[in-house]
Number of protein chains: 4
Amino acid sequence: MGIRVAVAGASGYAGGELLRLIATHPELDLVAATAHTQAGAALAAVHPHLTGLDVTLGATGPDVLADADLVFLALPHGESGALAAALPGGVKVVDLGADHRLRDPDAWMRYYGGEHAGPWTYGLPELPGQRGEISIATRVAAPGCYATAISLALAPLVTAGVVCADDVVVVAASGTSGAGRGAKAHLLGSEVMGDLTPYKVGRHQHVPEIKQATGARSLSFTPVLAPMPRGILATVTALPKSTGDPRQVLAEAYADAPFVHVLPEGAWPHTAATLGSNSCHLQAAVDVDSGRVIVTSAIDNLGKGAAAQAIQCANLMLDFPETAGLPVHGVAP
Amino acid sequence: MGIRVAVAGASGYAGGELLRLIATHPELDLVAATAHTQAGAALAAVHPHLTGLDVTLGATGPDVLADADLVFLALPHGESGALAAALPGGVKVVDLGADHRLRDPDAWMRYYGGEHAGPWTYGLPELPGQRGEISIATRVAAPGCYATAISLALAPLVTAGVVCADDVVVVAASGTSGAGRGAKAHLLGSEVMGDLTPYKVGRHQHVPEIKQATGARSLSFTPVLAPMPRGILATVTALPKSTGDPRQVLAEAYADAPFVHVLPEGAWPHTAATLGSNSCHLQAAVDVDSGRVIVTSAIDNLGKGAAAQAIQCANLMLDFPETAGLPVHGVAP
Amino acid sequence: MGIRVAVAGASGYAGGELLRLIATHPELDLVAATAHTQAGAALAAVHPHLTGLDVTLGATGPDVLADADLVFLALPHGESGALAAALPGGVKVVDLGADHRLRDPDAWMRYYGGEHAGPWTYGLPELPGQRGEISIATRVAAPGCYATAISLALAPLVTAGVVCADDVVVVAASGTSGAGRGAKAHLLGSEVMGDLTPYKVGRHQHVPEIKQATGARSLSFTPVLAPMPRGILATVTALPKSTGDPRQVLAEAYADAPFVHVLPEGAWPHTAATLGSNSCHLQAAVDVDSGRVIVTSAIDNLGKGAAAQAIQCANLMLDFPETAGLPVHGVAP
Amino acid sequence: MGIRVAVAGASGYAGGELLRLIATHPELDLVAATAHTQAGAALAAVHPHLTGLDVTLGATGPDVLADADLVFLALPHGESGALAAALPGGVKVVDLGADHRLRDPDAWMRYYGGEHAGPWTYGLPELPGQRGEISIATRVAAPGCYATAISLALAPLVTAGVVCADDVVVVAASGTSGAGRGAKAHLLGSEVMGDLTPYKVGRHQHVPEIKQATGARSLSFTPVLAPMPRGILATVTALPKSTGDPRQVLAEAYADAPFVHVLPEGAWPHTAATLGSNSCHLQAAVDVDSGRVIVTSAIDNLGKGAAAQAIQCANLMLDFPETAGLPVHGVAP
């Protein structure tokens, strides 16, 4: 018998990815998967790729979830705070939503609005000291997808003093699953295939989270919607502050991280290489003309950017090997 | 210590998928991965999604492969015959190429040409009696990708006498990885994205293999290149011969097959639901206007259509559980 | 001053394509573009690719449309019958919907349901004699997208007695714009990219239209949704009836058709080659194994399959050159 | 009789787009289309979307081209210099290659190498005063695709003193046709679909061209390869220098430019909206957190980024309306 886990928000894309990974996890047993409008449906009718899993979706609520040892919350932003509060203290929780990520209530108000649920342990294990924090936590806030890709690229460079924390400029493009599964006309295949378009320019809600995670003081962030289902490619640039080699700093920072790979010199990240995995691929260079340090980072937004990272946190919280049940290699081509 | 396996043709797409699956297989240890022009290269330089596997590609030849307990040959058609002949009899071999699939030398001559290497045990475990044959074989010819998708849809219906073996009509579309990794202008992303085009119309080399595997006596097969990296969707139609329910016949035929799923009534296969897996999704209906039986079949051409099926065969040959190390669920969306 | 035209249903994909083509048509002046929920919106807000056209969408109704010399109706099936009936007899109408395509009320009832609006002149100019019929018509029913692709491939062969009208088998794949612009979850980019899936298997509503247009007596038609915004590739197979060369028959049938191109021997149609155009590309062959005649046909479902063909009909109705304002060449790559 | 034009490099993507546009241009007559390895081929065999154009490709050389009034050179970088020098002075030339864009021989040496052919009139008509320069020129160097997208976004802001010319940071993603039609493995559809990857990070050859065209003094430019055939989305950020409204400055700069559209407030560019056109869509905002000015720019890399812009220049050189034969509206969806 493994650890009993439940997934709330199982009908969404992050929920589906959690269920896919839990199904082959050596230590986790699914005891409940819940949804709102899809409650009562057979799982495979909602997620055809999970055909073969004999699960019926329950209705999201504290009762059905309280039976689990650990609950994953994959709910729209603003919905996990109240639900988590209604769960017994003995139930461990990993929240994939934004509700418990920010320490600063003002930042929450400015970027999300409504009542701030208050911060939990931040679930990015590769940040300095964070692996240990997560290991002893009972409530963990898994990072946002953009925040993961960008923070892994930037944080060690700020910490090492290799780049200036002011005037960080980021452009990051995401596959469409990052926008969720709601039926919106601008996300139709007819609209997104063959198209690149920016959105929430200069006002994306991950800005305060990235600043909190990396120590950046000024951040210009432009998100772009890209014509692919999954994947984030973040291009992070910052002014140099010392003569340290940014690639070397990253390589040392992640020497023991099983999922963060600084690529060999000359090789640049491909989002496709991380599809379905919990890996992050990084490369850095110094721009010839401007002298800026450029780091690019590739992840699967539903993998390291959501579900797989949540399971990585759960592995730590449950004292399992950090890599248990998590793919390192992407599905390519 | 697991079973020692080697992969010849490791730089291609099927080779890469074999390595991805072997890396997490509980019973298999990779002892050699070989290539031709890429010999000497680091694996991750050739397959960026396999970053983290510390493997250097060797040169394909009997010497380096003979050290393994089991060898996977993922070579261009016509190249595995001679190589396999040079391996010691005690080395088990699964050939992903066409060389040993056909029993009829005339069919080989007409569709492939050159010397016929002679037939091996055909590696489609879900055909009647074939699971047992594979279990006792030392040399297995894994089926072609189209042949797999089409045979799984058709064979039980011919066997049960539900459809007529004459006048079978198939149109099947494949993702571009089915055409291999050779640098050809008509396979450039600029050419294939947004495009559907037929090819080898009425003369595809899988025709005799499909007829051999299914008992079809007359087969019209039109392959189509589709704008996606992976996946085959086969639409198989045949004239009805009895009043049996084709969906029910398929469901019974595959009741014990862990990787072949006849979908619930009203649900139709999606190739995306099988991405990265060894699964085949099937559905059948009778055409209102023509009375024809229509079966559609979805697989991953590199999964059930190549590498994963080869490992399924190896599992049987090595007396491991048939499902060892093989994903049932696709990576979606 | 050109001919005054109006477009009802301007917010949809076919409506947008009509407006794009009318904007550069040498003889047509747009006097009204109407919509339902989008009435009042700026055109470019609804169709960003039409930025630069200073048009505000009106509300669909007979009053605003009656002012035009010719009205294009690009409405959901079942909505054009009543609206057309309310327009003055002197207003010419091209209906892109299905309401007036079928001559057989029973077929309408079986495949669409509701009251049958009654047949108009069928707007496929390349059918024998049809160019003349359209030229003298005031009300024309433009064909469905699949019906166009399939009928152009099949009709001359049935007429010439080269193929048997029984047991015609068609599999045709369409880009997602054929499914319209309604916000449906299964049409999200995340769902359709990388995916092929059949739908309405054996019961698509274009079956009776195709039989009416081609003389086919038995038709098995399987539609497939393909991961691209536009394009239809139809694979049409039929049993041979005479020894005539199907390619030659097609070439002769379309010798004078400016938009239907029988490709040189050995070249097969690409949907991408027809993008944005009114062209249809055809090729035929005889299947080696089965002896079946196979014709494949590529069109742009919004071009020859909808808006461009509607303008081709309008050109004939208005005594303009058939090719006025219509692209022959696709936008590729 | 129109003006006699020739296209050298007709087998490539830019060459094909030139031929597509020339075919419907009201004033231009094609007298020669030439290629290297494809010389002697039927045009439609090389460009299936140009089926219907009865053209045979000639061999690229001064003799066949000298017969034209105006020659478009769509050759690999470094090949147009010698060829242009061999053409009679009376033959007007528009070069789509890089050979004659840069005024600074040192920049040429650093980024391209080899002998510098020397500068021609720079063919970006929307730069201040440039429309007039092009009108009187006989030799025009059409801009690079990235340079076009970025310069249109940035130049007016530098000129107006709204942004600082130091520390300009650009990330721009391009469809795969920008990488040309050469058969390279990393450009296969299997590799690029579903993938985003940066390349030539911090050392792209368009950097000196962009600085020359915009007045930027320091430029960090990261190009990204995106999974679509066409389109460039450039995100250009710069530090603010005055309190001027960047969107207003752009709107005024392009008030009379028929192909550059500053979108309504709140609307952001889509590359798909420019497909096949000569348009550029722009939008600007100020980043809330950093105060940086962000401008995004969308073009079709083969349209405004190459062939269509070359024809725009030719129109000016030949005293035709600037818009003759050039689409304003993209083909979407």
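Which is open to solvent by less than 10 Å² (accessible area, probe 1.4 Å), touching a helix residue (DSSP H, G or I) at 6+ places or on another chain (Cβ under 9 Å) and modelled with pLDDT of 95 or more, of D:Thr60, D:Thr56, D:Thr34, D:Thr51?
On the way: D:Thr60 fails: open to solvent by less than 10 Å² (accessible area, probe 1.4 Å); D:Thr56 fails: open to solvent by less than 10 Å² (accessible area, probe 1.4 Å); D:Thr51 fails: open to solvent by less than 10 Å² (accessible area, probe 1.4 Å).
None of the others qualify; the one that does is D:Thr34.
Whether any residue in region D:251-272 is under 28 Å from D:Lys92 (Cα atoms), within 18 Å of the chain's Cα centre (by Cα), modelled with pLDDT of 95 or more and aromatic (Phe, Trp, Tyr) is what I want to check. Looking through region D:251-272, at least one residue is under 28 Å from D:Lys92 (Cα atoms), within 18 Å of the chain's Cα centre (by Cα), modelled with pLDDT of 95 or more and aromatic (Phe, Trp, Tyr).
Quick check: anything in region D:218-227 more than 7 Å from chain A (Cβ to nearest Cβ), in a loop (DSSP other than H, G, I, E, B) and at pLDDT 95 or above? Working first, answer last.
Quick first cut of region D:218-227, residues more than 7 Å from chain A (Cβ to nearest Cβ) only: D:221, D:223, D:225.
Checking the rest, the ones that are also in a loop (DSSP other than H, G, I, E, B) come to none.
Checked against the condition, which is being more than 7 Å from chain A (Cβ to nearest Cβ), in a loop (DSSP other than H, G, I, E, B) and at pLDDT 95 or above, region D:218-227 yields no hits at all.
Within region B:88-111, the set of residues being outside any helix (DSSP H, G or I) and buried (at least 19 other Cβ atoms within 10 Å of the Cβ) comprises B:Val91, B:Lys92, B:Val93, B:Val94, B:Asp95, B:Leu96, B:Gly97, B:Ala98, B:Asp99, B:His100, B:Arg101, B:Leu102. Taking the stated definitions as given, is D:Ala253 crowded, with 21+ Cβ neighbours inside 10 Å, in the same structural domain as D:Ser151 (by TED's automatic domain parsing), aliphatic (A, V, I, L, M) and touching a Cys at 6+ places or on another chain (Cβ under 8 Å)? Against the criterion (crowded, with 21+ Cβ neighbours inside 10 Å, in the same structural domain as D:Ser151 (by TED's automatic domain parsing), aliphatic (A, V, I, L, M) and touching a Cys at 6+ places or on another chain (Cβ under 8 Å)), D:Ala253 does not qualify. Pairs under 6 Å by beta carbon, first residue free of Cβ contacts under 8 Å to residues at least 60 places away in the same chain in region B:71-93, partner open to solvent by less than 50 Å² (accessible area, probe 1.4 Å) and part of a helix (DSSP H, G or I), six or more apart or different chains? Pairs found: B:Ala86/B:Pro62; B:Leu87/B:Pro62; B:Val93/B:Ala84. In region C:275-288, the residue that is nearest to the chain's Cα centre (by Cα) out of those that are open to solvent by less than 10 Å² (accessible area, probe 1.4 Å) and either within 21 Å of D:Ser277 (Cβ to Cβ) or of a type in the set (Phe, Trp, Tyr) (or both) is C:Asn278. Number of residues in region A:183-196 that are surrounded by 24 or more Cβ atoms within 10 Å (Cβ to Cβ) and touching a strand residue (DSSP E or B) at 6+ places or on another chain (Cβ under 6 Å) equals 1. Restricted to region C:21-35, and to residues that are touching a residue at least 60 places away in the same chain (Cβ under 8 Å) and either under 14 Å from C:Ser177 (Cα atoms) or within 14 Å of chain D (Cβ to nearest Cβ) (or both), which residue is farthest from the chain's Cα centre (by Cα)? Per the stated criteria, the residue is C:Pro26. The residues in region A:67-87 that are touching a strand residue (DSSP E or B) at 6+ places or on another chain (Cβ under 9 Å) and open to solvent by 40 Å² or more (accessible area, probe 1.4 Å) can be counted, and the count is 3. Considering only residues that are surrounded by fewer than 21 Cβ atoms within 10 Å (Cβ to Cβ) and modelled with pLDDT of 95 or more, look in region D:1-20 and name the one that is nearest to D:Thr323 (Cα to Cα). That would be D:Ile3. Counted as qualifying within region A:2-78 are the helices (runs of 4 or more DSSP H) with 2 or more residues that are among the small types (Gly, Ala, Ser), namely A:13-23, A:43-46.
C:Ala137 fulfils the conditions (1) of a type in the set (Gly, Ala, Ser); (2) in contact with a Leu (Cβ under 8 Å, 6 or more places away or on another chain); (3) closer than 17 Å to C:Asp319 by Cα except for a single criterion, (2). Any chance region D:230-240 includes a residue that's more than 8 Å from every other protein chain (Cβ to nearest Cβ), small (Gly, Ala, Ser) and either over 19 Å from the mean Cα position of the chain (by Cα) or farther than 26 Å from D:Val328 by Cβ (or both)? Looking for residues that are more than 8 Å from every other protein chain (Cβ to nearest Cβ), small (Gly, Ala, Ser) and either over 19 Å from the mean Cα position of the chain (by Cα) or farther than 26 Å from D:Val328 by Cβ (or both), one finds at least one in region D:230-240, hence yes. With respect to being touching a Lys or Arg at 6+ places or on another chain (Cβ under 8 Å) and farther than 30 Å from B:Arg4 by Cβ, B:Ala185 fits the description. Could you please let me know if D:Ala267 is more than 17 Å from D:Ala234 (Cβ to Cβ), among the hydrophobic types (A, V, I, L, M, F, W, C) and surrounded by fewer than 22 Cβ atoms within 10 Å (Cβ to Cβ)? Spelling it out, it is not the case that D:Ala267 is more than 17 Å from D:Ala234 (Cβ to Cβ), among the hydrophobic types (A, V, I, L, M, F, W, C) and surrounded by fewer than 22 Cβ atoms within 10 Å (Cβ to Cβ). For region B:237-246, the condition of being assigned to a loop (DSSP other than H, G, I, E, B), small (Gly, Ala, Ser) and open to solvent by 10 Å² or more (accessible area, probe 1.4 Å) holds for at least one residue. Can you confirm whether D:Ala117 is over 17 Å from the mean Cα position of the chain (by Cα) and surrounded by fewer than 20 Cβ atoms within 10 Å (Cβ to Cβ)? For D:Ala117, the condition - over 17 Å from the mean Cα position of the chain (by Cα) and surrounded by fewer than 20 Cβ atoms within 10 Å (Cβ to Cβ) - is not met. Looking across region A:152-169, the residues that are under 23 Å from A:Ala298 (Cβ atoms), touching a strand residue (DSSP E or B) at 6+ places or on another chain (Cβ under 9 Å) and open to solvent by less than 10 Å² (accessible area, probe 1.4 Å) come down to A:Leu152, A:Ala153, A:Leu154, A:Leu157, A:Val162, A:Val163, A:Val168, A:Val169.
For region B:289-313, a residue qualifies if it is open to solvent by less than 10 Å² (accessible area, probe 1.4 Å) and out of contact with any helix residue (DSSP H, G or I) (no Cβ under 9 Å at 6 or more places or on another chain), and exactly one does: B:Arg292.
The values are calculated or read from the model by the stated rules, or taken from the named source; none is laboratory data. Fair warning: this is a prediction, and the values are worked out from it, not measured in the lab. For neighbour counting, all protein chains shown are included, and Cβ atoms are generated from backbone atoms with ideal geometry for every residue, glycine included. Heads up: the accessible areas ignore ligands, DNA and RNA and are worked out on the full protein's heavy atoms, side chains in. Shrake-Rupley method; radii C 1.70, N 1.55, O 1.52, S 1.80 Å.
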